[in-house]
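J.: Can you keep this structure in mind? I'll have questions shortly.
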Amino acid sequence: MPDLLIELFSEEIPARMQARAREDLKRLITDGLVEAGLTYASAGAFSTPRRLALSVEGLTAASPTTREERKGPRIDAPEAALEGFLRSTGLTRDQLEARDDKKGQVWFATITRPGRPAAQIVAEVLEATIRNFPWPKSMRWGSGSLRWVRPLHSILCILTDESGASVVPLEVDGLVSGNMTRGHRFMAPDSFAVTDFDDYAAKLRRAKVMLDAEERADHIRSQAETLAFARGWQIVPDESLLAEVAGLVEWPVPLMGVIEDRFLSLPPEVLQTSMKEHQKFFSALNPATGRIEGFVTVANIETPDDGATILSGNQRVLAARLSDAAFFWENDLREAKAGMTAWAEGLGAVTFHNKLGSQADRVARIAALAREIAPLVGADATQAERAARLAKLDLRSSMVGEFPELQGTMGRYYALEAGEPAAVADAVRDHYKPLGPSDAVPTAPVSVAVALADKIDTLTGFWAIDEKPTGSKDPYALRRAALGVIRLVLSGKVRASLTGIFKRGSRGHQVEDAGDDLLAFLHDRLKVHLREQGIRHDIIDAVLAQEGNDDLVRVVARATALNAMLATDDGKNLTQGLKRAGNILAQAEAQDGVEYSLGADPKFAETDAERALFVALDHADPAIRAAMEAEDYPAAMTAIAALRAPIDAFFEAVQVNSDNQILRRNRLNLLSRIREAGRQIADFTRIEG
């Protein structure tokens, strides 16, 4: 069984595209091979800045011969029908066979497809892959029609078995496949031949190319940490930067540099962001001072002076960048000390949305809403309002103009410089959070109040102008805002009616309440959030169908307890009993035109099972009610789970729809007690299974 090696060698592929390109190459090639009838044992994709590679092991040498029988039209069908059938099969009339069928004789075609050698299939699949590769952006070059992310220089494609390696013949826009590749652009630029994947990887390493992106990342991380450790420093972790830098170099050579003393007074976030965004440097922290004092740059070449010249050039560029940052910082500090009035006035000239006003309008709404939310989360209302009024001011600062990702972070520094309390300054920093499912959730009361106000103003505003997410489109990140509200409420155990808060937010936009529809949107986000924590959607639906579903803390507590109960045998069987009781009642009520909800009397009980169920319900009802009022949901689940055995026994021993109408009514009213016991907890009819 041969092994396949493919390499597509080009100019530099953007780092951000490489991981997806590896997966696309693997998927397109292996799917194409399998669709053509080949099988394989394993496949692995690799990338460097100048190449995509794929290794497929244990490939079958040829596709099997296949036979397919296809039923055609009746023998007496119109000639046009027969001609269409012949075209679809590729056969002639004399190759068809007439067979008896239920509706008379029909034509049958036997289509034989002979197997094909792997090389022929690989060539077809690879050409189609190259021509249709799903790059986010691609280009044409020269006079050819081929599009690729950057000019494609060569195609390596070989099959290797026990008899040796052979090139798979292929030509794409003048590029002819071969067994040759190249090493590092500067340190080993000459071409060389390879025979299989092991030979390919080994020769690339000797030619100063690390083929595996994960190996390059691990090497960068290890060497950077070693360099930092030698100085008593620590590398600030940054996995996204690590992945990007690993995609920029084929032979990573980390070098350690030192930040000049004149820049050490800059906030660490400024140093880290400037070095990351402008120069792809890793930040080095001195634990003794708590400051970022150094950096690691990653060269793509070994030099005779061990990188001294490279490092010197990087130091000069860094000094220029940080000089700009220092200038921005000093200007911003002067404005902060002056009260930031110019920034506040400037927000009036910044449009938030043409239907929702300026950033100044938005700040006024958030401030009013934060004051109202503050008592609900235990925050000082004056501080919450003040933090909201300051929260967006850093958008007018020079530093945030240069580094938008520092909004909020810089606002905290400016608020402290203006003499604001720490709680206010922290809320300015934290009001954007959480930005995503893995981002930390603020816990300080003032921060929670402002963060909720910010997100709820966004949601109610876009609901007011009917700009809601549709399908996969969510240009204003409203799903993220809704998830932020959910996480803030659940993390802070905020016991409040979201419907009421939405009404307050809607008033700020001078519209009628958008609460019901917006609450349903939040419920959809909540389902996604809880499903990730192992709570089934039907269980969430069963709880959301109850009153009080705008108190998310209560909803989650009930859903969690119900989920735990339904994982037990008692819970599963009890659910079936509750649903059976509900179904029998629904049918009887529809048939009789009445609601059976009162009057079940134990004196009409004929069997021990009936009497036992009366006793069990007499004990369970008050226990469930008391537990639900105390919000002790596990206790409520324990109380209702005790009904499992008497309900099972009742249905085994008793015929509900008795011919005796007195007994029938009494038993139906008894079932209504079962239904009501369940309704105190959830709508069990929504639970599947």
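The values are calculated or read from the model by the stated rules, or taken from the named source; none is laboratory data. Computed from a prediction, not measured in an experiment: that's the story for all the values here. Cβ coordinates were reconstructed from backbone atoms using ideal geometry, including for glycine residues, and neighbour counts include every protein chain displayed.
J.: Between a first residue in the range 171-189 that is in the same structural domain as A128 (by TED's automatic domain parsing) and a second residue that is in a loop (DSSP other than H, G, I, E, B) and of a type in the set (S, T, Y), which pairs have beta carbons less than 8 Å apart while being 6 or more apart in sequence or on different chains?
T.: So the pair list comes out as E171/S177; D173/S145; N179/T195.
J.: Could you look through the range 145-174, keep only residues that are under 30 Å from S63 (Cα atoms) and of a type in the set (S, T, Y), and pick out the one that is surrounded by the most Cβ atoms within 10 Å (Cβ to Cβ)?
T.: Top of the filtered list is T160.
J.: Give the residue that is surrounded by the fewest Cβ atoms within 10 Å (Cβ to Cβ), with candidates limited to residues of the range 411-454 that are among the polar types (S, T, N, Q) and over 25 Å from W329 (Cβ atoms).
T.: Restricting attention to the range 411-454, the residues satisfying the condition of being among the polar types (S, T, N, Q) are 438, 443, 447.
Cutting the leftovers down to over 25 Å from W329 (Cβ atoms) gives us 438, 443.
Details: S438: 6, T443: 11.
The selected residue is S438.
J.: I'm trying to understand the selection: among the residues of the range 564-583, which are free of Cβ contacts under 8 Å to residues at least 60 places away in the same chain and within 18 Å of M637 (Cα to Cα)? Before you say what the answer is, go through the steps one by one.
T.: Here is the first cut: in the range 564-583, the ones free of Cβ contacts under 8 Å to residues at least 60 places away in the same chain are 567, 569, 576, 583.
Selection gives A567, D569, Q576.
J.: Separate question: Do we find that R70 is surrounded by fewer than 18 Cβ atoms within 10 Å (Cβ to Cβ), in a strand (DSSP E or B), out of contact with any Leu (no Cβ under 9 Å at 6 or more places or on another chain) and not small (G, A, S) in this structure?
T.: Values: surrounded by fewer than 18 Cβ atoms within 10 Å (Cβ to Cβ): yes; in a strand (DSSP E or B): yes; out of contact with any Leu (no Cβ under 9 Å at 6 or more places or on another chain): yes; not small (G, A, S): yes.
Criteria met by R70.
J.: Among R216, R205, which is the only one that is under 36 Å from the mean Cα position of the chain (by Cα), buried (at least 17 other Cβ atoms within 10 Å of the Cβ) and of a type in the set (D, E, K, R)? Don't jump to the end; show me each part of the working.
T.: Working: R205 fails: buried (at least 17 other Cβ atoms within 10 Å of the Cβ).
Answer to the selection: R216.
J.: Against the definition (over 30 Å from R554 (Cβ atoms), touching a residue at least 60 places away in the same chain (Cβ under 8 Å) and not in a loop (DSSP other than H, G, I, E, B)), how does R675 come out, yes or no? Walk me through it before giving the result.
T.: On the way: over 30 Å from R554 (Cβ atoms): no; touching a residue at least 60 places away in the same chain (Cβ under 8 Å): yes; not in a loop (DSSP other than H, G, I, E, B): yes.
No.
J.: So F186 clears everything in (1) within 19 Å of T48 (Cβ to Cβ); (2) crowded, with 17+ Cβ neighbours inside 10 Å except one condition, right? Which one?
T.: Every listed condition holds for F186 apart from (2).
J.: Going through A561, A586 one at a time, which residue ends up being touching a residue at least 24 places away in the same chain (Cβ under 8 Å) and either part of a helix (DSSP H, G or I) or among the hydroxyl-bearing types (S, T, Y) (or both)?
T.: Numbers: A586 fails: touching a residue at least 24 places away in the same chain (Cβ under 8 Å).
Result: A561 is the single residue among A561, A586 that is touching a residue at least 24 places away in the same chain (Cβ under 8 Å) and either part of a helix (DSSP H, G or I) or among the hydroxyl-bearing types (S, T, Y) (or both).
J.: Against the definition (more than 17 Å from N583 (Cβ to Cβ), part of a loop (DSSP other than H, G, I, E, B) and either assigned by TED's automatic domain parsing to the domain that holds A590 or at pLDDT 90 or above (or both)), how does I640 come out, yes or no?
T.: Working: more than 17 Å from N583 (Cβ to Cβ): yes; part of a loop (DSSP other than H, G, I, E, B): no; either assigned by TED's automatic domain parsing to the domain that holds A590 or at pLDDT 90 or above (or both): yes.
Spelling it out, it is not the case that I640 is more than 17 Å from N583 (Cβ to Cβ), part of a loop (DSSP other than H, G, I, E, B) and either assigned by TED's automatic domain parsing to the domain that holds A590 or at pLDDT 90 or above (or both).
To keep it simple, each residue is scored yes or no on (1) closer than 18 Å to E372 by Cβ; (2) crowded, with 22+ Cβ neighbours inside 10 Å.
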residue	(1), (2)
A482	no, yes
V489	yes, yes
R495	yes, no
G500	yes, no
R507	yes, no
Q510	yes, no
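Yes/no matrix, rows are residues, columns are (1) farther than 19 Å from V209 by Cα; (2) not assigned by TED's automatic domain parsing to the domain that holds L175; (3) not small (G, A, S):
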residue: I13; (1), (2), (3): no, no, yes
residue: A36; (1), (2), (3): yes, no, no
residue: T39; (1), (2), (3): yes, no, yes
residue: G44; (1), (2), (3): no, no, no
residue: A98; (1), (2), (3): yes, yes, no
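J.: Here's another thing I want to ask about it. Given (1) in a strand (DSSP E or B); (2) loosely packed, with under 13 Cβ neighbours inside 10 Å; (3) out of contact with any Ser or Thr (no Cβ under 8 Å at 6 or more places or on another chain), where does T112 come up short, assuming only one miss?
T.: (3)
J.: Looking only at residues in the range 244-261 that are touching a residue at least 60 places away in the same chain (Cβ under 8 Å) and farther than 26 Å from Q407 by Cβ, which one is surrounded by the most Cβ atoms within 10 Å (Cβ to Cβ)?
T.: First, the residues of the range 244-261 that are touching a residue at least 60 places away in the same chain (Cβ under 8 Å): 244-251, 257, 259-260.
Pick out the ones that are also farther than 26 Å from Q407 by Cβ and you get 246-251, 257, 260.
On the way: A246: 28, G247: 22, L248: 17, V249: 23, E250: 26, W251: 23, G257: 19, E260: 12.
Step by step, filter the range 244-261, then rank; the result is A246.
J.: Here's a follow-up. Just to confirm my filter: which helices (runs of 4 or more DSSP H) fall fully inside the range 460-553 and include at least 1 residues that are over 29 Å from Y633 (Cα atoms)? Explain how you work it out, then say what you get.
T.: On the way: elements: 478-491, 498-508, 515-531, 537-544.
Once the helices (runs of 4 or more DSSP H) in the range 460-553 are filtered for at least 1 residues that are over 29 Å from Y633 (Cα atoms), what remains is 478-491, 498-508.
J.: Something else about it: Would you point out which residue out of L318, L311, L393, L356 is surrounded by 14 or more Cβ atoms within 10 Å (Cβ to Cβ) and touching a Leu at 6+ places or on another chain (Cβ under 6 Å)? I'd like the intermediate steps shown before the answer.
T.: Values: L318 fails: touching a Leu at 6+ places or on another chain (Cβ under 6 Å); L393 fails: touching a Leu at 6+ places or on another chain (Cβ under 6 Å); L356 fails: touching a Leu at 6+ places or on another chain (Cβ under 6 Å).
Checking each option against the conditions leaves just L311.
J.: Checking the condition aliphatic (A, V, I, L, M) and either at positive phi or crowded, with 21+ Cβ neighbours inside 10 Å (or both), which residue from I584, I540 passes? It would help to see each step written out before you state the result.
T.: Values: I584 fails: either at positive phi or crowded, with 21+ Cβ neighbours inside 10 Å (or both).
On inspection, the qualifying residue turns out to be I540.
J.: Do we find that A559 is among the hydrophobic types (A, V, I, L, M, F, W, C) and either surrounded by 15 or more Cβ atoms within 10 Å (Cβ to Cβ) or more than 26 Å from the chain's Cα centre (by Cα) (or both) in this structure?
T.: For A559, the condition - among the hydrophobic types (A, V, I, L, M, F, W, C) and either surrounded by 15 or more Cβ atoms within 10 Å (Cβ to Cβ) or more than 26 Å from the chain's Cα centre (by Cα) (or both) - is met.
J.: Residues in the range 1-32 that are closer than 20 Å to A119 by Cα, in a helix (DSSP H, G or I) and touching a residue at least 40 places away in the same chain (Cβ under 8 Å): how many?
T.: Residues meeting the conditions: 4.
J.: From the set of residues in the range 593-627 that are farther than 13 Å from N666 by Cα and touching a residue at least 40 places away in the same chain (Cβ under 8 Å), which is surrounded by the most Cβ atoms within 10 Å (Cβ to Cβ)?
T.: At the first step, the residues of the range 593-627 found to be farther than 13 Å from N666 by Cα are 593-594, 608-609, 612, 615-627.
Now narrow it down to the ones that are touching a residue at least 40 places away in the same chain (Cβ under 8 Å): 608-609, 617, 620-621, 624-625.
Values: D608: 10, A609: 17, L617: 21, A620: 22, D621: 17, I624: 24, R625: 14.
The qualifying residue surrounded by the most Cβ atoms within 10 Å (Cβ to Cβ) is I624.
J.: Would you check if there is a residue in the range 125-144 being without any contact (Cβ under 8 Å) to a residue 60 or more places away in the chain, surrounded by 15 or more Cβ atoms within 10 Å (Cβ to Cβ), in contact with a strand residue (DSSP E or B) (Cβ under 8 Å, 6 or more places away or on another chain) and of a type outside the set (D, E)?
T.: No, that holds for no residue.
J.: Oh, and also: Across the range 628-663, which residue is surrounded by the fewest Cβ atoms within 10 Å (Cβ to Cβ) among those that are among the small types (G, A, S) and over 26 Å from G599 (Cβ atoms)? Spell out the reasoning first.
T.: Looking only at the range 628-663, we keep the residues that are among the small types (G, A, S), and these are 630, 635-636, 639, 641-642, 645, 649, 653, 658.
Now narrow it down to the ones that are over 26 Å from G599 (Cβ atoms): 630, 635, 641.
Values: A630: 10, A635: 16, A641: 18.
Among those that are among the small types (G, A, S) and over 26 Å from G599 (Cβ atoms), it is A630.
J.: Now for a different question. Given the range 180-276, what helices (runs of 4 or more DSSP H) lie entirely inside it while holding 3 or more residues that are among the basic types (K, R)?
T.: Values: elements: 197-206, 213-230, 239-246.
Because the criterion is at least 3 residues that are among the basic types (K, R), the helices (runs of 4 or more DSSP H) in the range 180-276 that meet it are 197-206.
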